[in-house]
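As structure tokens, the structure follows; a few thoughts come after it.
The values are calculated or read from the model by the stated rules, or taken from the named source; none is laboratory data. Source: prediction; values computed, not measured. With ideal geometry, Cβ positions are generated from the backbone for all residues, glycine too; neighbour counts draw on all protein chains shown. Note: areas computed on protein heavy atoms with side chains; ligands, DNA, RNA excluded. Shrake-Rupley method; radii C 1.70, N 1.55, O 1.52, S 1.80 Å.
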Amino acid sequence: MAFIELKGVSKIYKSGEHELSALDSVDLAIEKGKFVVILGQSGAGKSTLLNLLGGLDSPSEGTIAIGGKDISKLSRDELAEYRASTVGFVFQFYNLIPTLTVRENVALVKEIAPKAFPPEKMIEEVGLSDHMNHFPSELSGGEQQRVSIARALAKNPEILLCDEPTGALDSDTGVMVLKLLLKMAKEYEKTIVIVTHNQNIAKMADVVIRVKNGKIRSIEEQMPLSADEVEW
Amino acid sequence: MLKKKLVRTFGQYKAQFISMIIMIAIGIGIFVGFNMEWFTIEKDTSSFYEETGFADYRIVAGSAIGFTASDLEKIRAIDGVEDASLFLSVDLNVKGEDRKSLALTVTTNENVSFFKLMRGAPYDAESTDGIWLSDSFAAENKFEPGDELTLLYEGKEYTLSIKGLIKSSEYLICVPDSGQLMPDFEKYGFAYVSPAFYRLVTGFSVYPQINVKSSIPEKTFKRLVNRALTKTTLVLTKNETVSYAEAMGESEEGKTMGSVLPVVFLLIAVLAMVTTMHRIAAKERTQIGILKALGFRDRRILLHYSSLCLLIGAVGSVLGIGIGYLVCYFIMNPNGAMGTYFDMPRWTMYMPWFVAVVILAVVALFTLVGFLSVKRTLSEKPAEILRPKTGGSAKKILLEKTKIWNKMSFGAKWNLRDVSRHKSRALMSLLGVAGCMVILVGAMGMRDTMTAFVDSYYEDAMNYASRVYISESASAADIEGLIDSVNGDFGATVPVELEEKAVSLEIYSVPHGYVRFIAESGEETKLEEGGAYVCARIAKEFRVKKGDEITLSPFGKDKKYVLKVAGVIRSLTESVVISEAYASSLGVEFKVDSIYTKVAKSEVAPSPVIKSVQSKEDIMKSFDSFMTVMNEMIVLLIVAGVILGVVVLYNLGTMGYNERYLELATLKVVGFKDKKIASLLVGENMLITFLGMIIGLPLGLGVLQYLLVALASEYEMKLVLGPLTYCVSILLTAGVSLLVSLLIAKKNKKIDMVAALKAPE
């Protein structure tokens, strides 16, 4: 059995009379330790897929098993616990707490994650030791994203979920952040799932999943290129 | 189209706007209510005074024989005197088992100190068997026109026929003496008889008083009177009558209440509006940018947001005026709080004109707040406005330099930083909590103070069962006999002048301790033989203290007494108290007017020596009705205080929640449970509540002290705050805050994590 396994997963959003099918009976299996990229246009359903994996939302139908555990029927609090212990998130807009310093932003996961790493160590890993006591607003976009990577990994999660992690960054900074993300994922042996519409990122992945109109069009395993081999 | 947006914007921020409306409504309500109250008192009483010819001055004969028609002519001849009348008011007992008494009144001129006929036959100055009776006394005792009533005077009975039922401004507040706080028409009322009847009973036409209507200033008038009558006489101004002084006192209270309390509410409402509109302008930034980019003129956009504030101000004001009328009606109607106090025919409510001006100003101020908060945003270029405004950067706070910071939990750090980042919001919440606390402490402290006052005055000072008033005609031997038979203490009052101010010199002989004296500290004090005790008001006004000397001169005589002050005491009347021994050594002439005894009222044998008997229960009863009115007011205030707390905290709590929506969503995504997030939110509110209470408690005490001096200086009360007040005000404030925090924290279940993550901070 694969580490992540989706069976017949559908997600239907209801708003009043309207029904919008974001995902339509998706089956999917992802092995542990892989670097997976989900590709698709906006509205294809890729973010919905990521949200379901991250326990931010529950499917309308089907089951999602993570490490053999079904998360599709969990309660609110159980989902919060799942997010706290199993998943690390990296978002397009970093989503740092503006009133907390870099150290505090990373340290806050200690409140909820049982096997968290020391925050100082993670900040050092992403190369921001000098900015430990700065506030997010005092950092550049790339630096903020590095803080958010440190925060995601500080939880010591099983999976790292990234939604357009380079979407708000310029090309060079984006590449740097991606490199860091991959390095960290390797180092700490995490499964990493990136949702993007950027074809170039896909070239670095072990597995590329293409999504269109709420259905999976293809799943390709490939030999990944390193960041330096990709033409950005 | 913009109109539709107006409605939707209102819907979007309805919590804030509704709370704003409630605050304005309460603020305006209290403002309108109390200002209408005092204005109504002044209007209704002055028309009553006008109608019944309330006298401006009373010339009192004192111990001298009295005034005759020729004296009256001398006074009328004074240039500037509109009209004058010989006047008599004497307390007589009504024949019956329970010793009811009436202030029997005679006036020789129907234009001065007269009455208003409510029912029955008109007044007849030649009637020798008619009496015109207070309608309130008649109602309490089931008298009707045509009934007979028998009065006791010097051992004789006089049966009179009730011709008409009346009200008189002379007895607007109908109490036998200032020791009784509230009228009790079942026991005590008033009535008028004709001068013809008076002549028939006494055999002469000498009156103890001349009442005068005149607008001559006090000093000039006194001089003119002394010249006209060729002797020094006691002249009382209307400010020295119970009826006028107390009515004006009530009016002053209304003025104080109408200016202090609404300011608290309106100030908080305006500040909350500033904070709210500032936030809304920031949140609506993009929309403002779009409107501007679409080509709407600045004026249209300004109008749009200003009219939102105008709407809030107007709706709040209209509701407030309604509340104001209710508050005023609650106090000013014949069966209302003031109805048990004032006995007057007309209870028409009036609104002073400045109230309308203030309301318009408040509404204008609100509109201006909306105008200014949007104006600033509009001054930028559309492209700049469309770009989201980056949140103010967080700063290190002072506490971080200390070691405590590192030991604090993440939640505490997060909350403290939030407070420092949104100072105005935190400050407003602080004000709301402090305001709530001030009102609770003030209202309940007022009650504690009053209760302590009753205890010390009525429980400690009045150690007797009955007070026997001695009739004016009683001889010294009769009085001696009565004192012995009831084994009582006695007292006398001599009207004197202290630097041209009329005060009373009270002389006591209290071997049994039936009357006790309370020092300023609240401790009981014995009357030293060689010293005088002044009341706190005199001590304050004339700046006298223990060891000083004061000079008193009795009216109608040229003597002067120099007294040594032995202490300051609390007293209901403005008086100087001395012992009988000291009075004798000074050579003060006096006649015993009251005997204090442990004998129950019902067991005091009727005698021509006795004018009337008042039991301690009679006085306590009048005090109970006073306390009932007071308790109603306090409940009203507590409700207002709690509403203030709820509204301010809910408004700002919602605002804070909305502002931190993204942060809360992030915490949730990261894996914080709903409960944990709720406890963070509640924690911040409780921190502010705690600080607010620390500020509010002393502030409440300050306001209470101010109100005690402003509202009830005549009672010389000392501020007292019971343990229950501390507990209830703290628990209630904390409870309100906790409840509101929980209400807001409950919202975090609805946070849409997915949507929140799509938006840039």
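Side notes on the structure shown:
- Accessible area of the range B:62-232 divided out per residue, in Å², using a probe of 1.4 angstrom: 43 Å²
- Per atom type, the range A:123-185 shows carbon and sulfur on 44% of its accessible surface, probed at 1.4 Å.
- Taking 16 Å as the cut-off, no amide N atom of the range B:1-36 comes nearer than this to a point 7 Å along the Cα-to-beta-carbon line of B:D298.
- Annotation: per residue accessible area for chain A equals 43 Å², rounded to a whole number [probe 1.4 Å, protein chains only].
- By the rule of a C-alpha distance below 16 Å, with chain neighbours fewer than 8 residues away ignored, the aspartates and glutamates paired with A:K215 are A:E5, A:D24, A:D27, A:E61.
- Note on B:K231 and B:E459: their simple-model spin labels are 4.8 nm apart, each label 7 Å out from Cα toward Cβ.
- Local electrostatic count, B:T159, Cβ distance below 9 Å [Lys/Arg +1, Asp/Glu -1]: -2
- For the range B:649-678, a decrease in accessible area of 30 Å² or greater in the assembled protein chains relative to the isolated chain, with a 1.4 Å probe, applies to B:E663, B:T666, B:V669, B:V670, B:G671, B:F672, B:K673, B:D674, B:K676.
- Heavy-atom surface of the range B:607-745, accessible at 1.4 Å and reported per residue (Å²): 39 Å²
- Here the range B:488-597 is assigned +1 on the Cβ of each Lys and Arg and -1 on the Cβ of each Asp and Glu. Its dipole about the Cα centre then comes out at about 160 debye.
- Sequence-separation-based contact order of the range B:488-597, relative, with Cα cut under 8 Å and 6+ spacing, percent: 39 percent
- Working note: 222 nm ellipticity from helices only, DSSP H runs with n ≥ 4, each -39,500 (n - 2.57), summed and divided by the residues of chain B, gives -17500 deg cm²/dmol to the nearest 500.
- The antiparallel fraction among DSSP beta bridges confined to chain B stands at about 80%.
- Protein accessible area in chain B, 1.4 Å probe - carbon and sulfur %: 60 percent
- When you restrict to C-alpha pairs under 8 Å that are six or more residues apart and normalise by the size of chain B, the relative contact order lands at 18 percent.
- Buried accessible area, chains B and A (both chains, 1.4 Å probe, Å² to nearest 100): 2800 Å²
- Ignoring the sites themselves, chain A has its longest run without GluC sites (Glu not before Pro) in a DSSP loop having at most 10 other Cβ atoms within 10 Å at A:18-188.
- When each of A:K155/B:K283; B:K283/B:K749; B:K560/B:K616; A:K155/A:K186 is checked by Cα-Cα distance, pairs over 24 Å: A:K155/B:K283; B:K560/B:K616
- Annotation for B:L326 and A:S75: the two label points, set 7 Å from Cα along the Cα-Cβ direction, are 4.3 nm apart.
- Contact order normalised by residue count of the range A:135-232, Cα under 8 Å, 6+ apart, percent: 23 percent
- Straight-line reach from B:K14: taking Cα to Cα under 19 Å and skipping same-chain neighbours fewer than 8 places apart, the aspartates and glutamates in range are B:E284, B:E659.
- Contact residues in the range A:62-78 by the 30 Å² criterion (accessible area, 1.4 Å probe, full protein complex versus chain alone): A:R76, A:D77.
- DSSP beta bridges in chain A [antiparallel fraction, %, rounded to 5]: 55 percent
- Members of the range A:86-123 that become less accessible by 20 Å² or more once partner protein chains are added (1.4 angstrom probe, chain alone as reference): A:F91, A:F93, A:N95, A:I97, A:P98, A:T99, A:L100, A:E104, A:L108, A:E111, A:I112
- In nm, spacing of pseudo-spin labels at B:K621 and B:I65 (7 Å Cα→C-beta vector): 4.2 nm
- Sparsely packed trypsin sites (Lys or Arg not before Pro) within the range A:109-209, loop by DSSP, other Cβ within 10 Å at most 14: A:K115
- Loop-located trypsin sites (Lys or Arg not before Pro) in the range B:267-336 (DSSP state not H, G, I, E or B) with no more than 13 neighbouring Cβ atoms inside 10 Å: B:R297.
- In the range B:62-232, lysine pairs closer than 17 Å at Cα, eight or more apart or cross-chain: 18
- Theoretical FRET efficiency, 1/(1+(r/R0)^6), r = Cβ-Cβ of B:V639 and B:K560, R0 51 Å, to 0.05: 0.35
- Estimated purely from DSSP H runs of n ≥ 4, each contributing -39500 (n - 2.57), the mean residue ellipticity at 222 nm for chain A is -8500 deg cm²/dmol once divided by its residues.
- Rounded, prolate or oblate (a/c below 1.5 giving rounded, otherwise prolate when a/b exceeds b/c) for the range B:488-597 by Cα gyration tensor: oblate
- Heavy atoms of B:Y350 accessible to a 1.4 Å probe, total area in Å² rounded to 10: 60 Å²
- For the protein assembly as shown, the antiparallel share of DSSP beta bridges with both residues in that region comes to about 70%.
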